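Values in this text are rule-based calculations from the coordinates and carry no lab data. These figures come from a predicted structure and were not determined experimentally. Every residue, glycine as well, gets a Cβ built from its backbone with ideal geometry; the counts of neighbours run over all protein chains shown.
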Amino acid sequence: MSQIHARQRLYRRSRQSLVHGFDPVLTAVVGLLLFIGTLLVWAATRDWYTRNGLDGQYYLKRHIINILIGLVLAYGVTVIDYRLLRAYTPFLWGAGVLGLVIVLIPGLGAEINGAKAWIALPGGFQIQPAELAKIAIIIGMSMILSERSHDSDGPTSRDVLQALAIAAIPVALIIMQPDMGTVLIISAAVVTIVAVSGVPARWVTGLLLIAVLGGFVAVKAGVISEYQVNRLQTFVDPTADTQGAGYQLRQARITVGSGGLIGTGLFNGPQTNGRFVPEQQTDFIFTVAGEQLGFIGSGAILILYLILLMRGFSIARRTNDPFGRLVCTGVIAWFAFQIFENIGMTLGLMPMTGVPLPFISYGGSSMFATLIGIGLLQNVHARLRG
């Protein structure tokens, strides 16, 4: 009995030391972003749903459920030492690829907004395997590029090719959906991981050239759907597709600009309450912030994101473990590009893509994936001295 009690005390102390090892600034910033996102999702949906005799708290309730599930997943990631994830990497990667295959099977995958990227679950919930595939790719590439089974200072060409193969298969399946926004985010993370791993610069240059050439070929070969081509045309010429992507982009700019310096006030946005911007609670949630919180509120959100990225970079810089450094780098690159793409899209600085704003937009799969990413950062931070 005494041995059992001793083990229980040891377990409790290990859990306490783990929580105490979390980065408090990172935890606070993520908490604030989740709180702001909850208010913005509610503000984006409450008035219109109530006026139409529907539950004005429908999206709010589901958003809170998504956050709670994501927090449980994030904590679960921190329980196991991230260095032990190497042993589970093949299973994580295989599960990610399996999910991407399932969505392409007729009758199993659900098509939304022209992309067959979701699996329908009971209760009206859906899961997007491509979001979780980001994590599998980051961990898989980091494992291969951090192993040193040879005498060279950095990864060999064989290591790089194996790491790129880890990413290429899921990316090919995502292109078949098609979901080009997710492909761009994964590509940014892949190039960043390769660049930080210590490979010669020619690899990074080659990957960038392949990405540009691949995009051009995809457009010419018809791999990109018509609606995605329309989005690219609208980015170049905002007057194109005035009833589709052009309308959405124009209304997004109007909504953001109407907030002025201090905004119209939470729940008081005429553009938002009038539902002038489609998909406002998901991909265009930043327009709600621009209108109802104004320049000051939107700027505060950007500052929170900057602090989050800086803390993540600090964790990556301070760890001595190559695997942990690459995992953190991949997560940071993923977050940074997705934030830039979403807000840039809202402001007309980037082409329209269906990517949510991390920690703020409504969406279960995205929330789960981003909070798991935070769990990985906290895991590395908690074991900096381990």
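Please compute the net charge surrounding PHE286, taking Lys and Arg as +1 and Asp and Glu as -1 over other residues with Cβ under 14 Å from its Cβ. Walk me through the intermediate numbers first.
On the way: positive: ARG253; negative: GLU279, ASP283, GLU291, GLU341.
The answer is -3.
Could you go through the stretch 270-282 in sequence order and give the Karplus-derived ³J(HN,Hα) for each residue, using 6.51 cos²θ - 1.76 cosθ + 1.60 with θ = phi - 60°, rounded to whole Hz, and x for Gly and Pro?
Coupling constants for the stretch 270-282: x, 5, 5, 5, x, 6, 6, 10, x, 6, 6, 7, 10 Hz.
Can you tell me the order of 292-301, 26-35 when each peptide is scored by its average per-residue count of other Cβ atoms within 10 angstrom, highest first? Working shown, then result.
On the way: 292-301: 19.2, 26-35: 17.3.
Result, highest mean first: 292-301, 26-35.
Calculate the spin-label point distance for ASN52 paired with LEU108, positioning each point 7 Å from the Cα along the beta-carbon direction, and give it in nanometres.
3.3 nm
Between PHE125 and PHE295, take the C-beta separation as r, use R0 = 30 Å, and let me know the FRET efficiency to the nearest 0.05.
0.25
From the Cα gyration tensor of the stretch 23-382, with a ≥ b ≥ c the square roots of its eigenvalues, which class applies: rounded if a/c is under 1.5, or else prolate if a/b is larger than b/c, or else oblate? Write down the numbers at each step before the final one.
Working: a/c = 1.68, a/b = 1.41, b/c = 1.19.
Prolate, because a/c is 1.5 or more and a/b exceeds b/c.
Relative to the present Cα-Cα distance, how much length would full extension add between ASP321 and LEU261 at 0.36 nm per residue of separation?
17.1 nm
For a quick check of your reading of the filter: which trypsin sites (Lys or Arg not before Pro) in the stretch 324-386 sit in a DSSP loop and have no more than 10 other Cβ atoms within 10 Å?
ARG385
Hey, can you grab everything whose amide H is under 5 Å from the amide H of GLN126? Only 5+ residues off in sequence or another chain; H modelled, so Pro and N-termini drop out.
Amide H neighbours of GLN126: LEU121.
Note down the nm distance, to one decimal, between modelled labels 7 Å out along Cα→Cβ at ALA211 and at GLU279.
Calculated label separation equals 2.1 nm.
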